[in-house]
Structure formats: C-alpha cells, structure tokens
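Here's the structure, in structure tokens; my notes come after.
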Amino acid sequence: MAQRYGTFVLLILLNITGISAFAQDTTVIYTIDSTDFANPERGFYLPSQTYASSFKPLESPELKNQFRGPAKHGSASYAIYPTLLLREYVLDTFKDKLLSESFLQLVDKDLQAVKDAGIKVILRFCYVNKTHKGSCPDKEGICPPYGDAPKQFVLNHIRQLRPLFAKHVSIIALVQEGFIGIWGENYYTDYFGDASDNGNGKLLNEDWNARREVLTALLNSLPPSLMVQVRTPQIKQKFLYGPEAPVESAPMDKTIALSGAPASRIGFHNDCFLASPDDYGTYNDYGSSSQPKQSANDALRRYVEQDSKYVVVGGETCDDAYSPQNDCPPAGRAIDEMQAMHYSFLNTTYNNDVNNDWDSMGCINTIRKKLGYRLVLKNGIFPKVARKGDNINIHLTMENEGFASPFKLRPVYFVLRDSSNNKIYSLKCRSDIRTWFTGVTRVEEHLKVPVDMMPGRYELLLWLPDSDVLLHQRPAYSIRLANKNCWEAATGYNKLNVFVEVR
C-alpha cells in the first residue's frame, strides 16, 4: 500500500544570545518504535453502560484490570492498549422528573473511579436504548412511542449535570450529545421531530430549533475546553447556520478552529462506520419545513472530511453487510476513510464482525497504531552549551503518522534535568499540540534558560503532559513518542538522549 500519511515537522528555533550558526550544536538521529502502546485520548475504546433504575457503579480496581494492555475484549480477536472508556448513562427513571441527588452522587463516584484508574471517559446520556417492534410504517419495524424525554426535562438534566462536568473536566475526554432519541442518536424520538416513516418523514424547522436548544445548553454547561460530538454532520450545520441550512454549508476553517467558538467545539461520532453507502443515514439530508428528506452522501462526506481536521471524530462499526467496502485495502476503504475523516477512536467490542475482519485481513495493526495521533521523532539539533538567562535553540523533526492531531490542548515542555541531583527545570513552549496535524508544519519558539539554574550537566527531555496540573505528574496522562529508547515510564518524559552544559 502506498504511503499517504505525509511527514510532520516540529521546528523549534531558540537563539543562543545572537549566535546565528549551529557551531556549538549536536545532532541526534532517532529510531522508530513500530510497536503498539498506550497513549491518552486515542485508540480503541471500551464501552460501559448503566441504568438509573439499576445502577452498576464503576470500580477503580476493576477498571485498572480492564485497562491493563495488551488484552482482548468481548469477541474481539485482537488485543489493544485502551485508555478511553465510553460510559453511557440510561436515565430511564428520570423522563418526567429531575435527576435525584443520589443519582448525581453515583455519577460523581464513577468519574472519580475513572480518575483513580488513570484513564479518560467519553460521556453519553440517553433515556432509552431499546426498541420495540410493531406494525408501524418504519421500514426497520421500530415503532413509537420510543421512550425519550420532553425538552424541558432534557434541559433541566443538562443544567443539573453542569457541576459534575466542571468538577471532573480533567478526566472527561469529550461528551457525546445524546439525550435525544433511542440510544441518544437523535433519530427515533417522541419529542424532537420524527424523520422516520412513522412521523413526518423529515425534520421541520421547529424540530431543528428544539435540537439546537439542547446542543446550546450542553455546550454552555460544559467547560470551554471540552468538545461535544454530534451523531450526524447535518446536526452541526443546522446548529451553526439555521434550520434551512443546505448540505453544502461551509465547513470550519482555520480562522475558527481552536478558537473556542461553538463551531470549534462540535465534532462527530459515527456509530455505523462503513455500514452502508451512507452509513445507515449518517450522511442523509433530513430536510426542513421547505425541503424534503433526501440523500446527501457525497456533499456531507466532503463536509466531514474538511471540518474534522480540527475537531474530534470517533464511533463504532455496526454491520458487516457493506463488504468489501468496509474491509482492509486494497479491496476495502476502511483505512482511507479513517484517514480522510481524522478518526481518533473506535469501539473495540462492537461490531466485531467488521473489526475482526481487519485482524484476519492484516490491517488491524495499522489501525491500532494510527487511530488519533502517533508522533515519531526523526532527528534533533541541540545546543551543547547554554548560559543562565540566555535563550537556547532546539530543532526537532517529527512525523505524525496518525489519522489526526491530538484534539485536546496540552502543554509542550522541554525539561532540563540536573545529572547530579535530578532537579528539573521545565521550559514551556508556545506551540499548540492540536496543530500537529498529519503533514508538514514548522513552529518557531524562543525559550529562556532560568537564571537560578546551578551550573552543571543537564539531560534534555520532551514532556507532553495533560493540561490539568493535577494530572501533570501522572505518566499515564502524558504522550509517549513512537521512538525506541526515549519513553521514561516512571516520569512520563520522552528522553532526547542528549545533554546540555549549563554555565
């Protein structure tokens, strides 16, 4: 298969007191580590579901055991190093009332267990996850009433969850919109417009406006550092441009990306990845008061391919009927689709009729390693000598072999560690790791050597910790480079295998 992933170059230029040449520098070449290993906020995830009516809490020891890789899960034929848990709460007893304090306390304890286990969580809330059959017009035989909750209760529940979102922001990877419809997938719903043959066969403007209220409430209730994933790309279009927005609506560009604006915080979860030509309606136009429901597969796929460069994308497979298209290359396009739409994670336990084919056909290892980011350090140019209070220069060449850049902001540090006593000095860079896209980029920085450093020999390391200071010292939350002889598991640092003499 032809290499299509490009090269990512991180260039950090730090002048040494006006010296223009690299005469006092040293160059290091790094060796690629081709193995699979754990990294935060990416890869295959494990799902977990509980009901308000029969709550089964998460337990930290059990989570630690489940997330000890490599291991196989469910019916998967392949092992993974998981760092993400999708936790779905079915609010089946709260469809017509406020969430109880006891339920909120249980969710609080769940999220603390996630933190104790050293992982992160994808959250989804819904009211029903079961269908019932009947003689209704829907071609799938899924009949109303569906069992979700009225808008007033949805909005109240989101407001009630706001303190928990704030308290546990450090270990929440993202939140899926949920709340509306069966499974929280925004389709079969009693209160937000029924686009199936059981209802109007499309969504009216008032339906889109009601859905916009829910997404607005969720964005406002989450800390601004967190993204929300929506089930279909048209949900984002209608939210941003109004209920009559066409499927040709413009994707987000780099002037909006990473700005904190609503558009920059809305990603996508496709829960029927390559299940049919339109992924079971994922890429449908669901209409408006003046427009019919119709296919929009090509236009909406182009929209996601462009918009997803800057937001988080993930999901799961759901049906193996669309084979060979959902297979490995060359017959299938699974890897091409993940690459084009910047996938960061997928469910490892469903649907393994699809996922296990990736194993037997020989591309599961590529998918395991390339979901999300995979940063490989190629070479570096480093100063041999630095003086206290002066600026130093470092030049790194790095390749992001993954399908996407890291979707959460985290600091970038160069660490100077005293060889005599292990005292560390962390030099923070201005570089935004979310812009470390697949492809080529250059970043220029100027970092100052602390004036209080003692003269001596210092080891230089690269540190990519979590953005939350409470998680800084937990290596499980730091990014590991895909290089041999670099990862320092005890600290979460990446050794650059070079020393600097500080004078």
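The values are calculated or read from the model by the stated rules, or taken from the named source; none is laboratory data. Keep in mind that this is a model prediction, so the values were computed, not measured. Note that each Cβ is placed from the backbone with ideal geometry, even for glycine, and that neighbours are counted across all protein chains shown. In case anyone asks, the SASA skips ligands and DNA or RNA and just uses the protein heavy atoms, side chains included. Shrake-Rupley method; radii C 1.70, N 1.55, O 1.52, S 1.80 Å.
Overview of results
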{"item": "Residue in region 261-284 that is among the acidic types (D, E), free of Cβ contacts under 8 Å to residues at least 40 places away in the same chain and open to solvent by 10 Å² or more (accessible area, probe 1.4 Å) present", "result": "yes"}
{"item": "Single match in V121, V128, V154 (criterion: in a helix (DSSP H, G or I) and in contact with a helix residue (DSSP H, G or I) (Cβ under 6 Å, 6 or more places away or on another chain))", "result": "V154"}
{"item": "Sole residue being more than 16 Å from the chain's Cα centre (by Cα), within 29 Å of V114 (Cα to Cα) and either touching a residue at least 12 places away in the same chain (Cβ under 8 Å) or open to solvent by 20 Å² or more (accessible area, probe 1.4 Å) (or both), chosen from L427, L470", "result": "L470"}
{"item": "V214 closer than 25 Å to F407 by Cα, touching a Phe, Trp or Tyr at 6+ places or on another chain (Cβ under 8 Å) and among the β-branched types (V, I, T)", "result": "yes"}
{"item": "Whichever residue in region 29-84 is assigned to a loop (DSSP other than H, G, I, E, B), within 26 Å of K130 (Cβ to Cβ) and touching a residue at least 60 places away in the same chain (Cβ under 8 Å) and, among such residues, is farthest from the chain's Cα centre (by Cα)", "result": "S75"}
{"item": "Extreme residue, farthest from the chain's Cα centre (by Cα), among residues of region 104-134 that are open to solvent by less than 10 Å² (accessible area, probe 1.4 Å) and under 15 Å from Q160 (Cβ atoms)", "result": "Y127"}
{"item": "Subset of region 444-467 [surrounded by fewer than 19 Cβ atoms within 10 Å (Cβ to Cβ) and in a loop (DSSP other than H, G, I, E, B)]", "result": "E444, H446, P450, V451, D452, M453, M454, P455, S467"}
{"item": "Extreme residue, surrounded by the most Cβ atoms within 10 Å (Cβ to Cβ), among residues of region 55-84 that are closer than 20 Å to L346 by Cα and touching a Ser or Thr at 6+ places or on another chain (Cβ under 6 Å)", "result": "I80"}
{"item": "Selection count, region 336-356, where residues are open to solvent by less than 10 Å² (accessible area, probe 1.4 Å) and either of a type in the set (S, T, Y) or touching a helix residue (DSSP H, G or I) at 6+ places or on another chain (Cβ under 6 Å) (or both)", "result": "4"}
{"item": "Matching residues in region 473-489 - criterion: being touching a strand residue (DSSP E or B) at 6+ places or on another chain (Cβ under 9 Å) and not in a loop (DSSP other than H, G, I, E, B)", "result": "P475, Y477, N483, W487, E488"}
{"item": "Check on N422, open to solvent by 40 Å² or more (accessible area, probe 1.4 Å) and on the phi > 0 side of the Ramachandran plot", "result": "yes"}
{"item": "Residues within region 135-153 that are on the phi > 0 side of the Ramachandran plot and either under 33 Å from the mean Cα position of the chain (by Cα) or among the charged types (D, E, K, R) (or both), tallied", "result": "1"}
{"item": "Selected residue (criterion: surrounded by the fewest Cβ atoms within 10 Å (Cβ to Cβ)) from residues of region 155-208 that are of a type in the set (S, T, N, Q) and either within 24 Å of the chain's Cα centre (by Cα) or within 21 Å of E316 (Cβ to Cβ) (or both)", "result": "S170"}
{"item": "Subset of region 231-260 that is within 18 Å of the chain's Cα centre (by Cα) and of a type in the set (K, R) - its residue that is least open to solvent (accessible area, probe 1.4 Å)", "result": "K236"}
{"item": "Residue within region 439-456 that is touching a Pro at 6+ places or on another chain (Cβ under 7 Å) and modelled with pLDDT of 95 or more present", "result": "no"}
